[in-house]
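To start, the structure itself, in structure tokens.
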Amino acid sequence: MRVVIQEDYQKMCQWAANYIAEKIKNHKEERPFVLGLPTGSSPIGVYKELIKKNKSGEISFANVVTFNMDEYVGLHKTHDQSYWYFMHDNFFDHLVDMKPENINILNGMAEDPEAECARYEAKIASYGGIDLFMGGIGVDGHLAFNEPFTSLSSRTGVRDLTTDTRIVNSRFFGNDPEKVPSKALSVGIGTVTDSKEVLVLINGHNKARALAATVEGNVSQKWTCSALQLHNAAIIACDEAACGELTVDAYKYFLDIEKAERL
Ligand code: GLP
């Protein structure tokens, strides 16, 4: 696992956007580049950078297909807290050449949620899998909506959200955890780790425990993000603030080995 530590949030986002842009530019095949995407506050800076690169003509999304990680159950796409709304508001609507038919987001209003999840897995497979999955994690280490103790080989499915996650996410729902949906559709840990590459953003003091568990803890279903230790091409992009719980050894190791990446 690579861990690229940047001084602050902005530099973490710049680095991640540069990394993704290079992958898109270097994709010379006719088949589309398949990109997995997260919601949350962590990726917002990356989306801003990618939009700039797209508007300036540095990168094109014409041959990019996207799959989002998750969606709340019961929120219509027009609801301002649905992840469909978030993605269009923060990213897709600002790209000059993203084709709407290439955007894939789980439908949280599906009549048959299990069938919707099976359809999603099949669609990912129809493209030959995901080339690069960008992710974020929750303070409890959840990757997508794979809460603690979700199987590390899980596939796309319906997830119950923990009270902790509903409390954390209530900041977007008038600070009322009861207003946060109790279920979500989410790609599985196995879906993410099947991707050719995984790039996870971890920033801020409140993610320090989760970062340490991801990088230095045991591989455990308690911290579902720790499954990334078994991935052949996983990168964590983080800021200094998130490094507070790493051991000094690990912190120094990654600063040294990745010094060429420091912005
Ligand atoms: C939600 C999403 C996750 C995301 C997490 C962290 O729970 N389902 O995919 O990673 O929030 O969000 P933030 O980046 O705002 O801390």
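The values are calculated or read from the model by the stated rules, or taken from the named source; none is laboratory data. Predicted model only: the values in this text are computed from it and were never measured. So basically every Cβ, Gly included, is an ideal-geometry build from the backbone, and we count neighbours across all protein chains shown. Protein only, heavy atoms only, side chains kept; ligands, DNA and RNA dropped before computing areas. Shrake-Rupley method; radii C 1.70, N 1.55, O 1.52, S 1.80 Å.
Here are a few things to note about the model shown:
- Mean Cα-pair separation over length for the range 110-181, i.e. relative contact order, pairs under 8 Å, 6 or more apart, %: 25 percent
- Using a Förster distance of 45 Å, the FRET efficiency for K25-D176 (Cβ separation, nearest 0.05): 0.55
- Separation of alpha-carbon centers, the range 88-107 and the range 121-188, rounded to whole Å: 20 Å
- Three-way shape label, the range 128-255, alpha-carbon gyration tensor, a/c 1.5: oblate
- Gain upon complete extension [D8, S41; 0.36 nm per residue less C-alpha separation]: 10.4 nm
- Binning the C-alpha pair distances of the range 62-118 at 5 Å intervals from 0 yields a P(r) profile of 4, 20, 28, 24, 15, 8, 2 %, listed from the shortest bin outward.
- Protein accessible area in the chain, 1.4 Å probe - carbon and sulfur %: 50 percent
- Surface calculation, 1.4 Å probe, protein heavy atoms: D112 sits at approximately 90 Å² accessible.
- Each pair of Cα atoms in the range 2-261 enters the Kirkwood radius, and Stokes-Einstein at 10 °C and 1.306 mPa s then converts it into a translational diffusion coefficient of 86 µm²/s.
- Extension gain from S151 to L263, taking 0.36 nm per residue of separation minus the Cα-Cα distance: 36.7 nm
- Estimated distance in nm for a label pair at K196 and R119, the labels positioned 7 Å out from Cα along Cα-to-Cβ: 2.8 nm
- Sequence-separation-based contact order of the range 199-246, relative, with Cα cut under 8 Å and 6+ spacing, percent: 57 percent
- Averaged over its residues, the chain has an accessible area of 44 Å² per residue, based on protein heavy atoms and a 1.4 Å probe.
- Mean Cα-pair separation over length for the chain, i.e. relative contact order, pairs under 8 Å, 6 or more apart, %: 26 percent
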